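Below is one structure, written out as structure tokens, with a few remarks after it.
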């Protein structure tokens, strides 16, 4: 599995498909956090929204980095397609949690904030929720599940905008609204984090089922 993850990282870096979503996220972070002196939690709400979009994009880009022929060869060498899928998810999560670290600490370096451990823990929970949910959306919209690029883009656009903008939809919109108000429900945030993890596992199972049905 370690070898597959290393191969996935190398393939993804070589493809340079990570550049656009990473630049998008860093740009949103800079706009939101530079010279900001307000409360941290509403700022983490904005950053979480940007991270959700970026990780959805990163996951699709990572899983689509190999063409079907090369992926088939990788599966043969790995022995099982599920190993290749799990390695791909791990690579996407590594990229996502790299951005989580940037999103968590970036505002502290760019702005002027009063920092408490509670703010950092809540920010970490929010950013992790965005990463898990974005990875789940990316899995469903990747070539593994939806082969036609046009359909994949349409489903990704609808899914991301719905989860991000439709009022009260958990976990992303509801979490962002709670953070934006500055008085988040801690139990609710942990619930959203758990829900996002369930969504990721469900998306991985559906993606593997789609791969298996085509073998």
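In nanometres, what is the gap between the two model label sites at residue 1 and residue 187, each 7 Å from Cα along Cα-to-Cβ?
Label-label distance for residue 1 and residue 187, simple model: 3.4 nm.
Just from its helices, what would the mean residue ellipticity at 222 nm be for the chain, if runs of 4 or more DSSP H residues each count -39500 (n - 2.57) and the sum is divided by every residue, rounded to the nearest 500 deg cm²/dmol?
Helices in the chain give a 222 nm mean residue ellipticity of -27500 deg cm²/dmol.
Report the Cα centroid-to-centroid distance between the stretch 95-144 and the stretch 29-77 in angstrom, as an integer.
Taking the Cα centre of the stretch 29-77 as reference, the centre of the stretch 95-144 is 9 Å away.
Suppose R0 equals 30 Å; then what is the FRET efficiency for residue 155 and residue 118 from their Cβ-Cβ distance, rounded to the nearest 0.05?
With R0 = 30 Å, the Cβ-Cβ based efficiency is 0.20.
Give the angle, between 0 and 90 degrees and rounded to the nearest 10, that separates the Cα long axis of helix 186-214 from the longest principal axis of the Cα atoms of the chain.
That works out to roughly 10 degrees.
Given a Förster radius of 25 Å and the C-beta distance between residue 201 and residue 169 as r, what FRET efficiency does 1/(1 + (r/R0)^6) yield to the nearest 0.05?
FRET efficiency, residue 201 to residue 169: 0.85.
At residue 108 and residue 94, where each label point lies 7 Å from the Cα along Cα→Cβ, what is the point-to-point distance in nanometres?
Modelled inter-label distance: 2.5 nm.
Below 8 Å, C-alpha to C-alpha, sequence gap of six or more: please give me the relative contact order for the stretch 20-130 in percent.
46
Mind checking the angle between helix 19-33 and the chain's longest principal axis? C-alpha axes, 0 to 90 degrees, to the nearest 10.
Computed tilt is about 10 degrees.
Contact order normalised by length for the stretch 2-214, with contacts defined as Cα pairs under 8 Å and 6 or more residues apart; what percent is it?
Worked out over the stretch 2-214, it gives 28 percent.
Pairing the Cα long axis of helix 2-15 with the longest principal axis of the chain, what angle in degrees results, from 0 to 90 and rounded to the nearest 10?
The angle comes out near 80 degrees.
Just one of [x] 27; [y] 20; [z] 54 is percent of Cα pairs over 31 Å apart calculated from these coordinates, so which is it?
[y]
Every number in this text was worked out from the coordinates using simple rules, so none of it is lab data. Here the structure is a predicted model, which means the values were calculated and not measured. Positions of Cβ are generated from backbone atoms using ideal geometry, with glycine treated the same way; all protein chains shown enter the neighbour counts.
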